[in-house]
Structure formats: structure tokens, C-alpha cells
Amino acid sequence: MPYAHITGWGMSVPEPVLTNDDLAKIVDTNDAWIRERTGIRERRIARATDFPSTLGTSAALKALSVANLKPTDLDLIICSTSTPEHLFPATACLIQDQLGATKAGAFDLLAACTGFIYAINMAAQSIRSGAIKNALVIGTETLSRFVNWEDRNTCILFGDGAGAFVLQASEKPGGILSAVMHSDGSGGDLLTLPAGGSRHPATEATIREGQHYIYMDGREVFRFATKVMVQSTEEALKAAGLTKDDLKVIIPHQANFRIIDAAARGLKLPIDRFVINVERYGNTSTASIPIATVEAVEKGRLQAGDKVVFVGFGAGLTWGALVAEWMGPLPSPRKVNMGRYRLWGRVRSILHRIERFLEGLIWGRRA
Ligand code: UT7
């Protein structure tokens with residue numbers, strides 16, 4: 001049975017920065033309150049030209065470049081997002097098209113902020129079964145489009161961004177060692193985007209009542225989060241046959257510094273064992289774990305052979321943890337020029353559209 005290794009990683013965040021002071025001009029809040037209660041100083045906000053697919057594609061190209069893999073080498077693309085561009089087509093398919101990943105199946109996965117952990121696990125299981133060799137897992141969000149900028153309980157928390165991992169089959173032991181996934185739908189109403197789905201399609205009333213914005217019971221989510229972060233980390237470690245002392249770092253979902261601090265105390269681990277960057281990006285939901293991972297690798301906090309736990313929680317309710325032995329890129333004789341693939345993805349997409357149009361003319365579009 002092959003092992004599933006993380007061999008590439010990349011991130012992409014929009015340029016515009018929204019600071020706490022900027023927010024204090026919009027809602028009744030202040031920098032001191034936000035920093036003390038959440039640890040957040042600033043977050044990135046998508047420009048009109050940024051979408052989950054464009055941020056996700058940029059992160060994916062960087063991850064493919066690290067892994068030295070062409071988009072056409074991919075067998076599978078899983079896009080984890082709670083802010084898909086459409087109900088359908090899947091954002092994963094938009095990314096597949098922008099990459100020109102012509103041989104890949106592509107689908108979206110929605111497990112909110114836990115989604116990236118679920119998605120890595122699904123990709124790893126597909127690789128270990130022998131069904132596929134190369135997978136791309138993306139976590140991408142533009143939460144700012146669903147935030148009520150008059151609700152100080154939520155608008156201070158969220159930010160936009162994307163991160164991506166490449167997973168590859170290898171005979172070398174290591175890679176994804178264990179994963180646990182949990183859910184409790186009875187808590188679904190604690191963190192929800194009530195309208196816009198098939199239960200409450202968009203109407204004048206849903207818009208008037210603000211049902212297309214994120215609703216959150218912050219205190220309840222906080223209580224739930226502090227409990228499950230510790231539980232799922234311990235469970236995943238046990239499944240991998242490891243102890244917390246084996247871990248180089250823990251990379252938690254970046255929701256709130258106080259939640260991470262509570263998890264550190266619950267696990268009796270020093271806080272500096274945790275990768276934390278919530279102060280610069282806020283809560284980017286499913287993108288927060290890969291973004292934090294990319295920064296940890298760039299700072300040398302995660303190197304080949306290190307053991308790491310990814311742990312998250314979120315709407316659903318969902319929660320989970322995944323233990324991995326970090327690998328880095330597999331040896332490869334060739335060097336892939338990723339700049340060329342960004343352009344090729346666009347050209348290929350236009351050519352396909354023209355081809356479809358011409359076929360429509362030949363076969364009688366209206367018939
Ligand atoms: O990815 C998962 C997503 N969600 C989370 O992880 C969220 C988990 N929850 C939290 O992070 C925290 O509950 C919050 C940061 C959302 C809120 O912190 P808190 O310590 O639980 O505050 P609170 O809701 O208990 O509010 C305390 C006070 C209230 O005033 P009163 O009723 O005590 O007079 C709020 O009205 O703070 C007030 N408040 C604010 N004040 C200034 C709430 N939001 C703000 C604000 N600025 N932005």
C-alpha cells in the first residue's frame with residue numbers, strides 16, 4: 001500500500017489589509033477589545049477581482065511548483081470552501097479549468113473550518129487505496145462577501161485567503177499517519193448562513209432580514225471549540241501511535257488566540273509549540289491551516305521528518321485532527337515552469353469554449 005505524502009504547499013491572500021482601527025470606523029468596536037478577545041490585529045479582504053477560484057488557483061500553482069508537478073499530472077482536485085462561487089458548478093472545477101488540470105476529477109467539500117482536514121484525509125485515502133497518485137487539496141474563502149459589516153460580533157473575526165497542498169503517492173513510509181473526523185449537526189444553528197440554499201432561496205424578505213449573512217453564537221462556539229481541540233488532537237495522536245512529545249508543531253485552525261491558548265493549556269504543551277498567525281489574517285476558515293503551514297515551513301519550523309498535528313473545528317458542527325510526518329518534495333529529474341502553466345490554463349480554456357461553440361454550430365445549436 002503506498003503512503004500519502006504532502007509534497008507541495010502554497011498560499012495566496014488578497015492585498016488589501018483591513019486593520020482593527022479601520023473596523024472601528026465602521027462598527028462600535030476598538031483595537032484593544034479585538035486584540036484582547038481574539039488576538040487579531042488585521043485581516044485581508046478580497047478585491048472585486050478576487051474570488052475563491054482565483055485565490056485558490058494562485059495557491060495551487062505555488063504548491064505544484066514546490067512539488068515540481070504539472071497541472072496535467074493531477075488525478076484529483078478537492079476544494080474545501082464554505083464560500084463557493086456558485087452552488088454549482090463546484091469551485092474545484094473552476095480551479096481545474098484555470099490550472100488546465102485536464103486529467104483531474106474535481107469536487108467541492110464543505111465541512112466549514114474543519115474542511116481542509118477532511119479534504120486532506122479524503123485525498124490521502126484515495127492515494128493509499130491505489131486509485132490515484134497525485135492530488136491537490138485547496139482551502140479557499142472569501143468570507144468578507146458574507147459578513148454583515150454592521151455586526152460587530154462577526155465582522156471583526158473573518159478574513160479572506162487560500163492555501164493548497166499537493167499530496168503524492170510514495171513507497172517511502174510516512175506522510176499522513178492518522179486522521180479523525182467528527183460532526184454534530186444538532187449544533188448547526190450556532191454558526192450558519194441561513195438563506196441562499198434550497199431551504200430558504202433568496203427572496204426580498206430573506207435579503208431584508210439579513211439572512212444572507214453569517215450568523216454566529218460566539219460564546220457557544222467558543223465553548224465547543226476549546227473542548228474538541230484537545231479531544232481530537234489526543235485521539236489522532238493515539239491512532240497514529242504517537243504522543244504529544246513526538247510533535248514538532250501543532251497547526252490549529254486560526255479562529256481566536258484564546259481558543260488556541262486554551263488548547264495549549266488543555267494539552268499541557270507550551271504555546272510556542274503552536275503555529276499562530278491569526279493576528280495577521282483573522283479567521284480565514286478552511287484556508288487558515290494551510291496558510292499557517294506555509295508560513296511555518298518558510299520560517300523553518302516544519303522540516304522533513306517532523307511530526308505535525310493539524311486540528312480544527314467549525315460550523316456543522318464539525319471538528320477533526322490529522323497527524324502527518326512532513327516530507328517535502330519527492331525527488332524529480334525535471335523542473336516544471338509554473339508560469340507557463342498559468343497562461344496555458346487560460347489559453348486551453350478559451351480553446352475549449354471555441355471548440356464547443358463551433359461544434360454547436362456544426363451540429364445545430366438550436367436543434
Ligand atoms: O471558525 C469558527 C468560528 N468562530 C469562532 O471561533 C468564534 C468563537 N467565539 C469567539 O471567538 C468569541 O466568542 C468572540 C470573539 C466572538 C466574542 O468574545 P467573547 O469574549 O465571547 O465576548 P462576548 O460575546 O461574551 O461579549 C462580551 C461583551 C458584550 O458586551 P456586554 O453584553 O458584556 O455589555 C458584547 O456586546 O463584548 C461586547 N462585544 C464587543 N465589544 C467591542 C462583542 N463584540 C464586540 C466588539 N467590540 N467587536
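Quick notes
- Only one of the listed residues (Glu220, Glu298, Glu235) is away from the ligand (no atom under 16 Å from the Cβ), within 19 Å of Asp184 (Cα to Cα) and surrounded by fewer than 23 Cβ atoms within 10 Å (Cβ to Cβ). That residue is Glu235.
- The strands (runs of 3 or more DSSP E) found entirely in region 30-124 include none that carry 2 or more residues being away from the ligand (no atom under 16 Å from the Cβ), without any contact (Cβ under 8 Å) to a residue 12 or more places away in the chain and among the polar types (S, T, N, Q).
- Filtering region 287-315 to residues that are under 15 Å from Met229 (Cα atoms) and touching a strand residue (DSSP E or B) at 6+ places or on another chain (Cβ under 6 Å) leaves Ile289, Val308, Val309, Phe310, Val311, Phe313, Ala315.
- Filter result for Gly241 (buried (at least 17 other Cβ atoms within 10 Å of the Cβ) and out of contact with any Gly (no Cβ under 7 Å at 6 or more places or on another chain)): no
- Leading residue by the ranking (farthest from the ligand (Cβ to nearest atom)) among those in region 134-153 that are surrounded by 21 or more Cβ atoms within 10 Å (Cβ to Cβ) and either of a type in the set (Gly, Ala, Ser) or in a loop (DSSP other than H, G, I, E, B) (or both): Ala135
- A single member of Ile40, Ile45, Ile34 is in contact with a Ser or Thr (Cβ under 6 Å, 6 or more places away or on another chain), crowded, with 21+ Cβ neighbours inside 10 Å and β-branched (Val, Ile, Thr), and it is Ile45.
- Residue-level analysis places Ala263 among those that are surrounded by 21 or more Cβ atoms within 10 Å (Cβ to Cβ) and either under 20 Å from Asn153 (Cβ atoms) or within 16 Å of the ligand (Cβ to nearest atom) (or both).
- Residues that are of a type in the set (Phe, Trp, Tyr) and assigned to a strand (DSSP E or B) were ranked within region 313-367; the one that is surrounded by the most Cβ atoms within 10 Å (Cβ to Cβ) is Phe313.
- Candidates Ile207, Ile250, Ile259 - the one that is farther than 30 Å from Ala131 by Cβ, in contact with a strand residue (DSSP E or B) (Cβ under 7 Å, 6 or more places away or on another chain) and not in a loop (DSSP other than H, G, I, E, B): Ile250
- Evaluated against (1) surrounded by fewer than 20 Cβ atoms within 10 Å (Cβ to Cβ); (2) aromatic (Phe, Trp, Tyr); (3) within 10 Å of the chain's Cα centre (by Cα), Phe116 falls short on exactly one condition, (1).
- Near pairs, Cβ below 6 angstrom, 6+ apart or cross-chain, from region 226-241 (touching a residue at least 40 places away in the same chain (Cβ under 8 Å)) to any residue that is of a type in the set (S, T, N, Q): Ala236/Ser178; Ala239/Ser178; Ala240/Ser178
- Taking the numbered list (1) surrounded by fewer than 24 Cβ atoms within 10 Å (Cβ to Cβ); (2) over 16 Å from the mean Cα position of the chain (by Cα); (3) outside any loop (DSSP other than H, G, I, E, B) in turn, Ile127 passes all entries but (1).
- Pick from region 266-295, criterion assigned to a helix (DSSP H, G or I) and away from the ligand (no atom under 16 Å from the Cβ), ranking: surrounded by the fewest Cβ atoms within 10 Å (Cβ to Cβ): Asp272
Taken together, the values in this text are just the output of simple stated rules run on the coordinates, not laboratory data. Everything numeric in this text was worked out from a predicted model, so none of it was measured. Note that we place each Cβ from the backbone using ideal geometry, even for glycine, and neighbour counts take in every protein chain shown.
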